[in-house]
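Below is one structure, written out as structure tokens; the observations come after it.
Since every read-out is calculated from the coordinates, none of them should be taken as a lab result. Because the structure is predicted, anything quoted here is derived from the model rather than measured. Cβ sites come from the backbone with ideal geometry, for glycine too, and all protein chains shown count toward neighbours.
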Amino acid sequence: MRILIVGGGAVGSNLVEQLAAEKHDVSLVDSREEVAKALGGKLDAQVLHGNGGSPQVLEEAGIREAEMTIAVTDSDELNMIVSLLGRNYGVKTRIARIRNPEYSGPSSKLGREQLAIDHIINPEVIAIETMEKLIFTAGATEVADFAGQKVLLMGFLVPKDAPIAGRTLQSISEIVPDQFLIVAIHRGSEVIIPRGGDRIEEDDRIYVLMPQEILPLFQAQLYRRVEKVRKVVIFGATRLGIGLAQRLEGRLGDVVLVDPDAARCNDAAERLNKTTVLHGSALDPDLLAEIRIGNAQAYCALTEDDAANVMSALLAKDHGATKTIVNLAEPDFVPIAERIGLDAAINPRLLAVNVILRYVRSGRILSVFHLEELKAEAVELVPSTRAPLVGVPLAQLAGRIPQGALVGAVMREGQMLIPRGDTVIAPNERVIVFATEKALPDVQRLFVENA
Amino acid sequence: MKLGDIIPDGGILDDLQATEKEPVIRELVAALVKTGRVADSASAKVLKALMDREELGSTGIGSGVAVPHAKHDAITDLVCAFGRSKKGINFDALDGEPVQVVFLLLSSKSASGSHLEALAFISRLVRDEKFVKFLREAKDAADIRDLLNEADETLGKS
């Protein structure tokens, strides 16, 4: 597909990288000369320096032939103009990042039609929804859903006294058969795509596919008790911080928002009803003690300063907060944050990339979740009628499913099924595959004819 | 799958006597033996399979509900027993609260789809706190069966 991306920031450049690797014909426009130059040398795509709001520049970048525009500059207004121009040039699908709820929120005076945007992406909203899921799922470090939310892919930290710790997958599946599938084990710096003989160990991060209904049954295999979420502390009266507080204050009794800037505190207090807004710093141990951070089921560090987020989360953990979630703008910090004991890291931009990719992938690929740390992806696919995967028991394909890949789940009659050797996949059934980046192309080949 | 079909006559106990996990599970297995759906000779092994499963994490999923389950060769068709406790059961549940409503599920080792389907169905069902309250306050076994049949009708469609 021919795709025109405007904006070469973290979202834009990441998208170009992934889409170019998937053989899409991608061009990128950025108004900053240095950025355009740097990306041009690095990315496998046509990169232009120029104003994305200029028809002439967009024409040069191939908007006439483009089937999709993705406008992800830092300016909502520019993103809207790109989409409007895209419509006038006959671009079929227009995706744009819009942050300001005055433009895209429920009370916006601009209708969808006027905005000319098919899919509005708001990285903060996506991040807030993800954090909400993480907060209310004890132990979860990552969450994504598939098959219209019927199937969950979740990451969990295996605690010391976890009932399943020390057991092999084989021995677990003898007792709890076919309810979930552990698709990856992250141990230290090693990523294991496990087979039956592999063992779950304490401190592993495990990634699990399961029907969403099974979640509480699975949680009980990791944790003997799950505390009800009663108190959440947020550091940073940012868009993320205030947005999360707004979502949480309706669901639980005690939400505290801390920010060192008085003006931002005032603004937050005006926009929040039940949240306690405190002027101060979560890097101050006295303040943490005063707000009884030890009683909090979750601490979310959502300032725009990565270092402050990490440091304050370590402090909060030290004072007894159950789960710590940090906002990290720098993707390279994510694995480190987890290594030093923080529970989950959120990068709104990468989350936005994941969501945009879902709209780009079409046809046989329904959705994708990219796990940066594991260098792996979970992909929801539909095999074509005469694909090698169709019509034969999976066991017969064993030799063709590459190392590092798993056929994780099949959707049959609206229900998730964990495939076994004798499972036969029918054409047009949704299949969720988990694979390392290296193994993915070989697996995908099993879903199309003449492979 | 319909709950009404997999809970045999006599498979509903509206007043569980035991208040601890294992005796409760035993009570429900005994009820299934009485209905003929579990062979008497297999009951000890089935009980062990259910308790082994509990070892790997309590099936007390919170809000006063537990769904002990196991697969065993001695079982031919998917079968469920329902128990209601008026006193509350110490089930070592995820939320630490006592359990009043128990769905015990057994299936053959080869049945994978139907077992998971039934578990998922029950999990969806008990998410409705009002429904759980109705089960807790139901008058008798017949009343409970009516409630479960009703749930089959409404939830089965969605």
Can you tell me which aspartates and glutamates have their Cα less than 19 Å from the Cα of A:Lys274? Leave out same-chain residues fewer than eight positions away. A:Glu132, A:Glu249, A:Asp254, A:Asp259, A:Glu290
At 222 nm, what helix-only mean residue ellipticity would chain A give, in deg cm²/dmol to the nearest 500, using -39500 (n - 2.57) for each DSSP H run of four or more? -8500 deg cm²/dmol
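Return the tail of the calculated pair distribution for the protein assembly as shown, meaning the percent of Cα-Cα pairs more than 33 Å apart. It would help to have the intermediate numbers written out before the result.
Working: 96132 of 185136 pairs.
Percentage above 33 Å: 52.
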Report the full-extension gain for the segment A:Ala262 to A:Glu413: residue separation times 0.36 nm, less the Cα-Cα distance, to one decimal in nm. 48.8 nm
Mind listing the phi-derived Karplus ³J(HN,Hα) values for region A:210-226, rounded to whole Hz, using 6.51, -1.76 and 1.60 with θ = phi - 60°, and x for any glycine or proline? 7, x, 4, 5, 7, 3, x, 5, 6, 3, 5, 7, 10, 10, 7, 9, 10
Calc'd 3J(HN,Hα), region A:26-34, phi into Karplus 6.51 cos²θ - 1.76 cosθ + 1.60 (θ = phi - 60°), Hz, glycine/Pro = x, comes to 10, 10, 10, 10, 9, 7, 8, 4, 4
Grab the Cα-Cα distance for A:Ala289 and A:Lys375, subtract it from 0.36 nm times how many residues apart they are, and report the gain in nm with one decimal. 27.1 nm
Using Stokes-Einstein with the Kirkwood hydrodynamic radius over Cα pairs, what translational diffusion coefficient do you get for region A:2-121 at 4 °C and a viscosity of 1.567 mPa s, in µm²/s rounded to a whole number? 93
Past the 21 Å Cα-Cα mark, which pairs from B:Lys21/B:Lys71; B:Lys86/B:Lys133; A:Lys133/B:Lys133; A:Lys231/A:Lys323; A:Lys133/A:Lys231; A:Lys133/B:Lys130? A:Lys133/B:Lys133; A:Lys133/B:Lys130
Mean separation of Cα contacts under 8 Å (6+ apart) over length of region A:18-91, as relative contact order %: 24
Region A:351-447 -> Rg/Rh from Cα coords, Kirkwood Rh, value 0.95
Over chain A, what is the relative contact order in percent, taking alpha-carbon pairs closer than 8 angstrom and at least six residues apart? 10
Return the percentage of antiparallel bridges among DSSP beta bridges fully within chain A, rounded to the nearest 5 %. 50
Grab the DSSP H runs of chain B that are 4 residues or longer, score each as -39,500 (n - 2.57), total them, divide by all residues and round the 222 nm result to the nearest 500 deg cm²/dmol. -14000 deg cm²/dmol
Interchain or sequence-distant (5+) residues whose placed amide H lies within less than 5 Å of the amide H of A:Ile5 are A:Ser27, A:Leu28, A:Val29, A:Ile70
Which distance in nm do the two modelled labels at A:Lys438 and B:Lys86 give, with both placed 7 Å along the Cα-to-Cβ direction? 6.5
Rounded to whole Hz and in sequence order, give me ³J(HN,Hα) for region A:103-118 from the Karplus expression 6.51 cos²θ - 1.76 cosθ + 1.60, θ = phi - 60°, writing x for Gly and Pro. 8, 10, x, x, 9, 5, 8, 9, x, 3, 4, 5, 6, 6, 10, 7
Built amide H within the under 5 Å cut-off of A:Thr141, gap 5+: A:Gly155, A:Phe156, A:Leu157
Cα-based reach from A:Lys438 at 28 Å (exclusive), listing lysines while leaving out same-chain residues under 8 positions away: A:Lys23, A:Lys42, A:Lys150, A:Lys375
